[in-house]
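The values are calculated or read from the model by the stated rules, or taken from the named source; none is laboratory data. The structure presented is a predicted model; accordingly, all values stated were derived computationally and were not measured. Every residue, glycine as well, gets a Cβ built from its backbone with ideal geometry; the counts of neighbours run over all protein chains shown.
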Amino acid sequence: MSAGLGAVFMHGNRFRHNLLTALLLAPATAWLVVFLVLPFIAIAVFSVGERAPEGGYQAAFTLAQYANLPARATAFWNTMMLAPVGALACLLVAYPVAYYLALKAPQRWRLILLALVVIPFWTSLLMRTYAWMYILGGRGIPALLAFVGIEDVRLINTPGAVLLGIVYGYLPLMILPIYVSLERLDRRLLEASADLGATPFSTFLGVTLKLSLPGVMTGFSLVMILLLGEYLIPTLLGGGKVFFIGNALVDLFLQSRNWPFGSAIAITLVAVSVVVLIAANRISTRVSGARRVDLI
Amino acid sequence: MTAVPDIEFRGVTKRYGAVTAVSGIDLTVPPSAFVALLGPSGCGKTTCLRMIGGFEQPSEGQVFIRGRDMAGTPPYRRPVNMVFQQYALFPHLDVEANVSYGLRQARPRLSSQEIGRRAGEALEMVRLAGYGGRKIHELSGGQQQRVALARALVNKPAVLLLDEPLAALDKKLRTDMQIELQNLQREIGITFVLVTHDQEEALSMSDFVCVMNGGRIVQLGQPSEIYDEPADLFVADFVGKTNLLSGKVAGHTGDLVNVALADGTVIAARKRTALQKGETVSVSLRPESLSLGATEGSPFKGIVRNRIFLGSTAEYAIEVQGIGTLLAKADHVIGHGNLFKPGEPVAIGFASGTPLAFQETKNNGTNQRVAKNVEIIS
């Protein structure tokens, strides 16, 4: 009798527990379905369709759009160059900063310095890129240089300007994950390495760098994936002479209204991003020997 | 000619800002000794070890390793290796790679066969042969401890430093490792310097115990000396269990001092320093120096309050009127039924040794006496 009652009570309790879990998860699930899953399905469906005569989408089932991808090979190629090179440049600048913040900066300054890294993020990237346009443009640094007698320095609309803009814009995204992995690093491991005869440089290569690889890979994948869709910075600071997938997408969806072809490009981009993420995750878990942490 | 000491501290002081962690230490450790630095937390023992390892630089004084002044020598150029607290094994490397880490740093480079052979030997020495391919997180605490030992010993250091190496192990494993470490030290014959706050561990494992308090060496000697002949009240209290009874000096009889306890009992005790008549002193009575039962001239009579039966011995908490609770330890003879029961009245006498009387210090047993130029004679 009492056992039966207990079971009923337990059952009711579990039911209530499940209901609560479902209710709590509902908003996030609904958000994901409406804003991620549904649009993604739409894009996937568009990508096997045809362009309607007056633009937009017309139902069909054809792989013609994918077959047409080589038409935008240059944009793909440029993006495939920009994304890893930009991410690498970001990494080279971010690692020393993160290293200093996590291992060298005095404890009481750490939070302030970290805040300084993040604060520019609170302003729109567009605004900040326009600011760089002004700084690098004719009335910015070149004018200053001319003032001290160095004439005809061209900064804006160069590959260097694009790289600078990218490093500047994405730096916090690279610094933060690396900082976190270095901050978590057990300092006694560095002492153990020194104790075993490793010079500071060997210790850095053999212990610090390897154990911070998960952070490096997270930062690298984050920046690289965002750069795969980047077109603003090259347009504003590079003079818009080089076309990227981002430019192609804006053009295909908003100007020439070839939605199916744009969708095919978008799907390909997503596929590439996923491959990059998985590869980065594999590499970092193998090298750092950490237990698997799945990013996706 | 005497052998060059493995470790020598000359007037070493270490300050962190306004805090003095180690103050004016002189210490000489001869070759092939097992030395324990023993003391409560914050006594400076770990700082001393870290100064040998090169992780801290002395503010004053010098640290010598095998006769060489180590000032300015970074950890990676010192002929010592450390077993870190909680081991600090590299999580991204397997057991073999952890053990061979030091060998890979050697310049000129060692051949990979040489590295493999020596790493294998080291693993065999700590009875972990065949574990080379394991990940660190797959090992138990005791196994990790042995990997840490192998990793340090594989480099054939002049001195092995051990920072609370057994603190993370359970009691049974700790006892096993104590024996293993002792055997290992005798086998390899290099100096081991052990830092511990566990007096039992220090007494049971080492040839010499260096008791530290407040950044200074309070006493240095063989374990039995430290236990039988504590230099002061702090050592008497910190090392082993003891009964400390407060009293006043009533007079002197030869070398002994007569102490009048709170209940009026006068007992004869040995002394460490000159004591004035009327001075307040603490008398240390080891539990095993007390005998229970009807003895001629038993100074105390009390009532058994608690009994802890330990097999070969039994510990009693005995309440003595006017004195407080005394801890006594008595051997148990199998089949004799010589156990006292709680509530039973009992007479307490002295079985062995003469009690020791110490000057009382203001800061609750913490003695600040400077032990200068202490040298171990081996």
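Considering only residues of the range A:238-253 that are modelled with pLDDT of 85 or more and under 20 Å from the mean Cα position of the chain (by Cα), which is surrounded by the fewest Cβ atoms within 10 Å (Cβ to Cβ)? Result: A:VAL250.
If the condition is being touching a helix residue (DSSP H, G or I) at 6+ places or on another chain (Cβ under 6 Å) and not in a loop (DSSP other than H, G, I, E, B), then the range A:51-75 contributes A:GLN65, A:TYR66, A:ARG72, A:ALA75. Restricted to helices (runs of 4 or more DSSP H) entirely inside the range A:147-223, those with at least 1 residues that are more than 9 Å from chain B (Cβ to nearest Cβ), surrounded by 21 or more Cβ atoms within 10 Å (Cβ to Cβ) and among the hydroxyl-bearing types (Ser, Thr, Tyr) are A:159-183. Taken over the range B:107-145, the criterion of being touching a strand residue (DSSP E or B) at 6+ places or on another chain (Cβ under 7 Å) and assigned to a helix (DSSP H, G or I) is satisfied by B:GLN144, B:GLN145.
Table: residues versus (1) surrounded by fewer than 20 Cβ atoms within 10 Å (Cβ to Cβ); (2) hydroxyl-bearing (Ser, Thr, Tyr); (3) out of contact with any helix residue (DSSP H, G or I) (no Cβ under 6 Å at 6 or more places or on another chain).
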position: B:ALA97; (1), (2), (3): yes, no, yes
position: B:GLU121; (1), (2), (3): yes, no, yes
position: B:GLY132; (1), (2), (3): yes, no, no
position: B:HIS137; (1), (2), (3): yes, no, yes
position: B:GLN145; (1), (2), (3): no, no, yes
position: B:ALA148; (1), (2), (3): no, no, yes
position: B:ALA152; (1), (2), (3): no, no, yes
position: B:LYS156; (1), (2), (3): yes, no, yes
position: B:ARG174; (1), (2), (3): yes, no, yes
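Scanning the range B:29-43 for residues that are in a strand (DSSP E or B) and at pLDDT below 95 yields one hit, B:VAL29.
How about the range B:57-84: which of its residues are among the charged types (D, E, K, R) and either more than 14 Å from chain A (Cβ to nearest Cβ) or surrounded by 13 or more Cβ atoms within 10 Å (Cβ to Cβ) (or both)? If the condition is that a residue be among the charged types (D, E, K, R) and either more than 14 Å from chain A (Cβ to nearest Cβ) or surrounded by 13 or more Cβ atoms within 10 Å (Cβ to Cβ) (or both), then B:GLU60, B:ARG66, B:ARG68, B:ASP69, B:ARG78 are the ones that fit.
The residues listed here are B:MET125, B:MET51, B:MET70; of these, the one that is in contact with a helix residue (DSSP H, G or I) (Cβ under 9 Å, 6 or more places away or on another chain), in contact (Cβ under 8 Å) with a residue 24 or more places away in the chain and assigned by TED's automatic domain parsing to the domain that holds B:PRO30 is B:MET125. Considering every residue within the range A:164-184, establish whether at least one is touching a Leu at 6+ places or on another chain (Cβ under 6 Å) and among the aromatic types (Phe, Trp, Tyr). Yes, that holds for at least one residue. Taking each residue of the range B:85-97 that is on the phi > 0 side of the Ramachandran plot and facing another protein chain (nearest Cβ under 8 Å) and looking for partners that are of a type in the set (Asp, Glu) and crowded, with 18+ Cβ neighbours inside 10 Å with beta-carbon atoms closer than 8 Å, six or more apart or interchain, yields B:ALA88/A:GLU191.
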